[in-house]
Amino acid sequence: LSCMKYLMFLLNFFIFLGGACLLGVGIWVIVDPTGFREIVAANPLLFTGAYVMLAMGAMLFLLGFLGCCGAIRENKCLLL
């Protein structure tokens, strides 16, 4: 069961890292005034996609963090 505990932690850590990456890219797209706004100016739907990416990144970041804490502490409530 100790192996399962660390596998759950590792899986949730990768989800946490993925959420952090999505969150970072979403913030970068929204904040950077020169890089992505020229690309996004052609299609406003892409700018909405940046907000969706930001929301999904924040959700995955939070769920990954709670999953990591739940796996280490063996707390069923945090894992659910």
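The values are calculated or read from the model by the stated rules, or taken from the named source; none is laboratory data. Remember, it's a predicted structure, so these values are computed and weren't measured experimentally. Counting neighbours? That spans all protein chains shown, and the Cβs are built from the backbone with ideal geometry, glycine included. Each accessible area value is taken on the protein alone, full model and side chains, heavy atoms only, with ligands, DNA and RNA left out. Shrake-Rupley method; radii C 1.70, N 1.55, O 1.52, S 1.80 Å.
Side notes on the structure shown:
- Helix 44-73 and the longest principal axis of the Cα set of the chain meet at an angle near 10°.
- Accessible surface area normalised per residue over the chain is 71 Å², counting heavy atoms of protein chains with a 1.4 Å rolling probe.
- Length added when fully stretched, residue 63-residue 77, from 0.36 nm per residue minus Cα-Cα: 3.8 nm
- Cα-based helix-to-principal-axis angle, 2-31 vs the chain, degrees rounded to 10: 10
- For the chain, the list of trypsin sites (Lys or Arg not before Pro) that fall in a loop by DSSP and count at most 14 other C-beta atoms within 10 angstrom is empty.
- Three principal axis lengths of the chain [C-alpha, angstrom, descending]: 53, 18, 15
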